[in-house]
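The values are calculated or read from the model by the stated rules, or taken from the named source; none is laboratory data. Remember, it's a predicted structure, so these values are computed and weren't measured experimentally. Positions of Cβ are generated from backbone atoms using ideal geometry, with glycine treated the same way; all protein chains shown enter the neighbour counts. Calculation scope for accessible area: heavy atoms of the full protein, side chains included, ligands and nucleic acids excluded. Shrake-Rupley method; radii C 1.70, N 1.55, O 1.52, S 1.80 Å.
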Amino acid sequence: MSKFRPIGQFKAAPDGSYNLLPFRFTELNHAQFVLSNLAGEYLVANRDDIPDLINHRLSPEHPLYIELRARHFLIDEKSSIAPELLAIKLRTRYARLAEFTGLHIFVVSLRCEHSCPYCQVSRQSEDKVRYDMSPSIASKAVDLALRSPSQNIKIEFQGGEPLLNFGLVRDIVNEAKSKNEQVRKNLNFVIATNLALVTRDMLLFCREHSVSISTSLDGPRDLHNANRPRQEKNSYEKTLAGVSLAREILGRDQVSALMTTTKSSLSRVTDIIDEYRVQGFSGIFLRPLSPYGFAVKTKTYEAYHASQWFEFYKQGLEYIIELNRAGVEFSEYYAGLVLKKMLTSDDPGYVDLMSPAGIGIGAVVYNYDGYVYASDEARMLAEMGDHKFRIGHVLTDDYKSLFTSQNLLEPLEESFAFSSPMCNDCAFEPYCGSDPVFHYGKFGDYLGKKPQSEFCLRSMSIFRLLISKMEADRYVRKLFTSWANR
Amino acid sequence: MDTFTAEIRLADEGVVCDLYFNDELSEVDASSAISSFRREVLDQDLREQLKKETEQVRNLILAHAFSKTGISSNE
């Protein structure tokens, strides 16, 4: 794309032949390829048809030809407007990018009363108050969050366990809403909490200020409690009691849950999904472990390979599909994010699947000590002693200095997927992400070596799985389209 | 550097890369180290090439991402 061909190359050929528009192709299976255009629209073609297409030998009577023309893979005398339509779709796809940082994570405390071995943040024990965010740091962070050009700002409270510093959570909500009267953003709040310490008063505050709750539920009681130890060995009971109370006060749709996959989870995906159903959740986000914090220290991260996780995911997705087929509405949210990118011109802005990377652009983290990090994973890497992605401090750096930090700009540029070997000619690139923090943590550079990257292996496996399922089954195509358009 | 050091020089036949191994290695291990080095050279070469070729697209998209922040200026 750095050079332009003569304009005639993009005009409809007058003699009934066609010209190709830019696209990439990657193997789906031994007999088929996935083709994707610049806007991320895809088609599946038989392997044998690809050479004919590229060598301009594909007949207009071929069943594939009309699809290729309709989806802007080729242009002929009947489709002269295709380049303009492709450009519009591309602009739509990238429109959200200029909104810039929408997710602002406030780590209000590193204290926690759980001892989860996979914890990514090297939590501190409950009594170390010096690991709480101070009011002055919180106030500056609110200013920075509202300085973002994004019209939609989500402030997410994390920890440790943020309820251990609920007083500050309350102050931040009040201050943000007060300051927002000047800038008039769409302001949303969410608390990521284990719910073990939640009280009615806390939830009444949340209801008054439209603060929603995101908690952790790893599966049935035995699995959850094994994954998430508490001194009283009652994390599961505490979580469910908290969910029940939160739903009673806030409403069902204001309470969500996330699970983390450990080695113990791998053989239990249907149990985990059934637990979510029994507890009244309408979907689940099946996600793997990340290589940070206690997850590395306790070797929980290395307990399974990406291929094992993928089998877990595949089994889970197939189970959810069959539930839907039997009339039970239940979604898999990670698939929903990917499908939105595959089947619509919209981009969900999911930080882990963005290129340019979501660091800074999609999310930013204000740590309890005032240091600012380019992403949640960057903060976790810092807890392991590596401050590569630290972009400044709220008390000493202004907005410009934070977001022009070389610790942000360099990884953004270096990890750009379109400039990366293998990614550059991968048909799945429009759906994928860069994740410089992951690759830096694993390989020591922002790009990594894709053939060795678990991120790449995992992502491509999921893309192939979703497309294969849609191609093979009309019901699944319809179901996935409904997830994509949510 | 923990396995070998590389000395790169220009010669009539092109660029020559001499590898000096730190310790005595078996032929298999040496061969494996050389293969890794070749892959690394290829990877870095591709990165440079792609970085140059896609510079305009990359700059356009990154500029678009930062376009509303108000932190880029004509200074």
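Antiparallel beta bridges, as assigned by DSSP with both residues in chain A, represent about 40 percent of the total such bridges. Distance from the Cα centroid of segment A:42-57 to that of segment A:428-473 is 25 Å (rounded to whole angstrom). Note down the nm distance, to one decimal, between modelled labels 7 Å out along Cα→Cβ at A:Glu61 and at B:Lys68. Label at A:Glu61, label at B:Lys68, 5.2 nm between them. Distant-in-sequence amide contacts of A:His114, defined by a placed amide H-H separation under 5 Å and a gap of 5 or more residues or a different chain, comprise nothing. Count charges around A:Tyr440 for me, please; just the other residues with Cβ under 10 Å from its Cβ, Lys/Arg as +1, Asp/Glu as -1. The answer is -3. A 1.4 Å probe run over the protein assembly as shown, with the rest of the protein chains in place, finds 47 Å² accessible per residue. Summarising the label geometry, the points placed 7 Å from Cα in the beta-carbon direction at A:Ile50 and A:Ser264 lie 4.4 nm from one another. A Förster radius of 25 Å, combined with the Cβ-Cβ distance separating A:Glu318 from A:Ser482, puts the computed FRET efficiency at roughly 0.90. Total buried accessible area between B and A, probe 1.4 Å, nearest 100: 2400 Å². The residues of segment A:59-106 listed by number as losing at least 30 Å² of accessible area in the complex, against the isolated chain and with a 1.4 Å probe, are A:Tyr94, A:Leu97, A:Ala98, A:Phe100. Spin-label model, A:Ser244/B:Thr5: points 7 Å from Cα along the beta carbon direction are separated by 7.0 nm. Taking the chain by itself as reference, segment A:447-464 contains these residues with an accessible-area loss of 50 Å² or more in the full protein complex (1.4 Å probe, heavy atoms): A:Lys449. Under a 5 Å amide H cut-off, with hydrogens placed 1.01 Å from N, B:Phe4 pairs with B:Asn22 among residues at least 5 apart or on other chains.
For chain A, the 222 nm mean residue ellipticity estimated from helices alone, with every DSSP H stretch of n ≥ 4 adding -39500 (n - 2.57) and the total spread over all residues, rounds to -12500 deg cm²/dmol. Here chain A has 50 percent of its accessible surface on carbon and sulfur atoms, given a 1.4 Å probe and all protein chains in place.
Assuming R0 = 45 Å, can you tell me the calculated FRET efficiency for the pair A:Glu208 and B:Gln56, based on Cβ-Cβ distance, to the nearest 0.05? It comes out at approximately 0.35. In order along segment A:354-363, phi translates into HN-Hα couplings of 10, 9, x, 4, x, 4, x, 6, x, 8 Hz, rounded to whole numbers, per the Karplus curve 6.51 cos²θ - 1.76 cosθ + 1.60 with θ = phi - 60° and x for Gly and Pro. Can you list the residues in segment A:347-376 whose accessible area drops by at least 10 Å² when all protein chains are present, compared with the chain alone? Use a 1.4 Å probe, heavy atoms only. Residues meeting the cut-off: A:Pro356, A:Ile361. Once the C-beta distance of B:Glu27 and A:His305 is scaled by a Förster radius of 25 Å, the resulting FRET efficiency is 0.25 to the nearest 0.05. Per-residue mean of foreign Cβ neighbours for B:44-56 is 4 (Cβ atoms of other chains, 10 Å radius). From the alpha carbon centroid of segment A:232-254 to that of segment B:1-23 is 63 Å. Between A:Val183 and A:Asp274, residue separation times 0.36 nm minus the direct Cα-Cα distance comes to 28.4 nm.
Taking 0.36 nm per residue of sequence separation and removing the Cα-Cα distance, the A:Gln406/A:Ser17 pair yields an extension gain of 135.1 nm.
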